[in-house]
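Each value in this text was obtained by applying a stated rule to the coordinates, not by laboratory testing. Just so it is clear, the structure is predicted and the values come from calculations on it, not from any experiment. Counting neighbours? That spans all protein chains shown, and the Cβs are built from the backbone with ideal geometry, glycine included.
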There are 2 protein chains.
Amino acid sequence: MRDVSIIGIGQTPVQEHWDRSLRHLAADAVLAAKRDAGIERADALYVGNMLSGEIAGQEHLGALIADFCGLRGIEAFKIEAACASGAAAIRMGYMAVAGGLADVVIVVGVEKMTDETGEAVAAGLALAADGDYEVPHGLTFVAINAMLMRRYMYEYGIEHQDFAGFAVVAHQNAVNNPNARFRSALTPERFASAPVVAEPIRLMDASPIADGAAAVVLCPTEQARAFALSVRIRASAVATDCLSLHDRRNPLRLRAVEESARKAYAQAGVGPDDIDFFEYHDAFTIMAALSLEASGFAEPGKGTQLAREGELALNGRIPVATMGGLKGRGHPVGATGVYQVVEAVQQLRGVCGANQLPGPRLGMTQNIGGSGATVVTHILEVSE
Amino acid sequence: MRDVSIIGIGQTPVQEHWDRSLRHLAADAVLAAKRDAGIERADALYVGNMLSGEIAGQEHLGALIADFCGLRGIEAFKIEAACASGAAAIRMGYMAVAGGLADVVIVVGVEKMTDETGEAVAAGLALAADGDYEVPHGLTFVAINAMLMRRYMYEYGIEHQDFAGFAVVAHQNAVNNPNARFRSALTPERFASAPVVAEPIRLMDASPIADGAAAVVLCPTEQARAFALSVRIRASAVATDCLSLHDRRNPLRLRAVEESARKAYAQAGVGPDDIDFFEYHDAFTIMAALSLEASGFAEPGKGTQLAREGELALNGRIPVATMGGLKGRGHPVGATGVYQVVEAVQQLRGVCGANQLPGPRLGMTQNIGGSGATVVTHILEVSE
C-alpha cells in the first residue's frame, strides 16, 4: 500500500446559499481545491452526500458533479453513510490512491439543506436512524440524542449546564473562521437560556443545518513531495455499530468510535496523548462528550470536565473544533466530514490566523453517522 | 495491486416481495453469499442502492445491513450511481481487495421498489437524470429513452419491430431462471402489440422495476485458490458522461460505455471477440442496441441486426442476458449490477442448467446509470 497525502483543499462558506445550487456549491469547492493543488485533471471523483435525493431532487451526483467541474469522463460515485458521508468519501479516495488504483483523486462533500422546510429536513435526517424501529415511534434525530443526553446526565450526575463548554468553545473558534455559519461568541448564560428543542437538548446544544461544500485532492505521498503544502494521511479507519440505541448494551459507550479510533491509533502508531488537536463531531453537545470519551481523551463520564476546565480551547490540552466545529461552522451533513479534514489541513499548514495552534504535528478528524453507527477517523500529519 | 476473485454469490428472487423488508432482502442475499463462500467474517461490506431514502424511508444502509447480517462493527458504506449503483459497489469492493486494504469484502446490491406507487417510483428514477435541466421539463426516465430511441430510428432507418429481438431473447432466457420476475416467453407479435408507454417505447421495450438483492464475496485470488468455485475479476472499469442528452454531441454514441469498455478490454488484454457472453444493461431495448454498439459488438446502427439474426441467443455469436437480463429477470435498480455479476459467475461455474453456455471462459458485465452517464464494466474469467 502507498502512503497518501492531501495536496489541495477547497471550501465554500457554510451558510444559507440561496443563489447557489447543489452542483454550484460542489464545483466551487472542487475548483478551489484543484487551484490550491495546481492540478488540472484527476483519475476519480468521489462525492460525499446524504440527502441530495430527498432534499435537492438529484441523485447520480458522481457523474453530474464530475461533468460540471470540467472532469467529464472520469470515475465518479456518491458515497452515503448518513452524517459520516463526507469522511466516507475521503476513505474511498484514500483506498483508491493507497491501493494504487488512482494517482490523483478529488473528494468533495456537499449538502444543500436550507431550500426545504424544517419538517422536511428533520424527516430527511431521521433516515439516518432505524426506519422500522425508531422513526415510526416518532423519534427524530434530535430526540434520539436527547435520550442519550438524559441517560448520560442520570448515570453520571451531570447537569445540563455542564455541557455549555462544548458550545462556547465552538462558537469562540467560529468567530475567526470566515467560512463559519455563526461567527458570534456564546456565553454560558445564553447557552442556559436557549429554548428547549427536545428536552434536555436546548437550541445551543445542537449544530445548525446549512448548505456547503468542501473538497480535498489526494495523491501518493511520493508524488506529493513536489507540493510544498501537502499533509500526510497517517490513518484512515472505519467502524460501525447498530443503528438503534435499543440494540446497544450500553448506549453511553460509542463502540464504533472506540473501534475506529483504536484502529486509527494503531495505523499511525500513536495514542491520544500524541494528538495535537481533534476535529470532533459535535453535532450535539452529548456527542461531543461521548466521542471525547470513546476516543480516549477522557474517562467515561468525564467528557464535560474537559470542557469545564478549558482543556478544549485553542490553548488547552486537546483543542477541538478549532474552526468552529459542527456547532459554530455549521453542519451541512454530507459535507461535514470533508470540512473537518480541510480545517485540519489548514491547522497543519499553519494558515488558521487567530485560531492557529502553535506548530501542531498530528491532527485527528472524526465524522460520525447517526447516533454513532458509522464512524470514520483520520489522523493527519504535517509533511516533513 | 492484487488480483481479485469472487468466491461466493447469493441472490433473492426478483419479484414483488410483500413479506420481506429492504433489510431482509439484503440479508437473504448476503447470508446466501457467505454460505456459498463458506466464510463467517468479512473486513468490509459495501452496499449498492439508489432509492432507499426516497422509497424505503431508510438511508445509512451500510451500518444497518452489516448489523442485520451479523457483521456489526465492520466498515460499511452505501454507494450510489443511479442504476449503476450495484456495479459501483462491486468496484469499491474490488478497490479495497486489489489495493490490499481488505482481504474479504462482501458487496450487496439491494432495492425495494414495489411498496410505492408507480408515480413515486417514476419520480425516484428521474433522480438519475438532470434535476435542473431535464426533469423540470416533464421528462421521465422512460421519456428520455424514448427520445433516444426515436432519434436512433430516424438516423438509421430502423423500425420499432426491429428491436423485438432484445426483449424476445431476454424473456426466453428468463423462462429457465428460477429467480427471474417474468418466466414467460415473448413472441414478436406480443412485443409489437404491447401498449405504448412513451412513444416509440412500448411496454415490452422496458424492463420492470422489482424488489431484490444480490451479493458477492471478494478476496485476493491468491487466497481464492482454496475455493473450488472462484472466478477471477480480470477487469473493473468505470467511465462517466454528462447526465443530460442535450449536452452530448451525438446522443447515439454512449461515450461512457465506449470508454469503460475500452479500459476493461485493455486491463484484461482482450477484445470484444474474446468475450463469450455479455450481461448487458437492457433497461430499454434502445439501451441494449446502443451498449452493444459502444462496447464494440456491433457497428453504430447495427445493434438490432445482431438481435434479428439470432446472434444474441445462447447459441449465438455473443449471448446476452443469459438469465433473462433486466427485461426478463427484472431491474431492481441498485441491485441490478450485482445480479449481472452473480449470473456471470453462475455461467462461468457452469451451473446455469438449461441456459448454460458451453464452457465459457470470459464473461463481461456492464451496468449503466442514467441514460449512459455512469458505466461500470467488469470482465470475469473462469478460474484455472
Per GNM of chain B with C-alpha springs under 10 angstrom, the most fluctuating residue out of B:Gly325, B:Gly53, B:Gly93 is B:Gly53
Sort B:361-369, B:335-343 by packing, meaning the average of other beta carbons within 10 Å per residue, with the highest value first. B:335-343, B:361-369
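Just to confirm a number: summing +1 for Lys and Arg and -1 for Asp and Glu over residues other than B:Ile9 whose beta-carbon lies under 11 angstrom from that of B:Ile9, what do you get?
Around B:Ile9, the surrounding residues sum to +1.
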How about region B:126-176: which chymotrypsin sites (Phe, Trp or Tyr not before Pro) there lie in a loop by DSSP and see at most 15 other Cβ atoms within 10 Å? B:Tyr133
Can you show me the helix-derived [θ] at 222 nm for chain B, built from DSSP H runs with n ≥ 4 at -39,500 (n - 2.57) apiece and divided by the number of residues, rounded to the nearest 500. -10500 deg cm²/dmol
Please list, in chain and number order, the residues 5+ apart from B:Arg2 or on another chain whose amide H is under 5 Å from its amide H, with Hs placed from the backbone. B:Gly99, B:Gly100
The chain A residue whose Cβ lies closest to the rotation axis carrying chain A onto chain B, with that distance rounded to whole Å, is A:Gly99, 1
If you project the alpha carbons of chain A onto the principal axes, what extent comes out on each, in Å, largest first? 54, 43, 38
Antiparallel as a % of all DSSP beta bridges within chain A, to the nearest 5? 70 percent
Taking only the Cα positions of region B:286-345, the convex hull volume per residue in Å³ is 90 Å³
Rounded, prolate or oblate: which fits region B:130-196, taking a ≥ b ≥ c as square roots of the Cα gyration tensor eigenvalues, rounded meaning a/c under 1.5, else prolate when a/b beats b/c? oblate
Does region A:183-261 come out rounded, prolate or oblate by the C-alpha gyration tensor, with a ≥ b ≥ c the root eigenvalues, rounded set by a/c under 1.5 and, if not, prolate when a/b is larger than b/c and oblate if not? oblate
Can you list, shortest first and in nm, the gaps between the label point of A:Ser184 and those of its counterparts in the other copies, using a point 7 Å from Cα in the C-beta direction? 6.5
Checking the a/c ratio against 1.5 first, then a/b against b/c, what shape does the Cα gyration tensor give for region B:74-162? prolate
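What does the charge count around B:Ser21 come to, taking other residues whose C-beta lies under 10 Å from its C-beta (Lys +1, Arg +1, Asp -1, Glu -1)?
After counting each charged neighbour, the total is -1.
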What does the copy distance list look like for B:Pro136, label position 7 Å along Cα→Cβ, in nm and ordered from shortest? 3.8
quick shape note, region B:111-169: Cα extents on principal axes in Å, largest first -> 36, 30, 15
Please compare each pair in A:Lys263/A:Lys327; A:Lys302/B:Lys78; A:Lys263/B:Lys78; A:Lys34/A:Lys78 to a cut-off of 23 Å on the Cα-Cα distance and tell me which ones are over it. A:Lys263/A:Lys327; A:Lys302/B:Lys78
Quick one: with label points 7 Å out along Cα→Cβ, list the inter-copy distances for A:Ala354 in nm, shortest first? 7.7
Among B:Ala213, B:Ala239, B:Ala321, the residue with the largest mean-square fluctuation in a Gaussian network model of chain B built from Cα contacts under 10 Å is B:Ala239
Between the residues B:Thr322, A:Met364, A:Val270, the Cα farthest towards the positive end of the dipole of the protein assembly as shown, that dipole coming from +1 and -1 charges on the beta-carbon of Lys, Arg, Asp and Glu, is from A:Val270
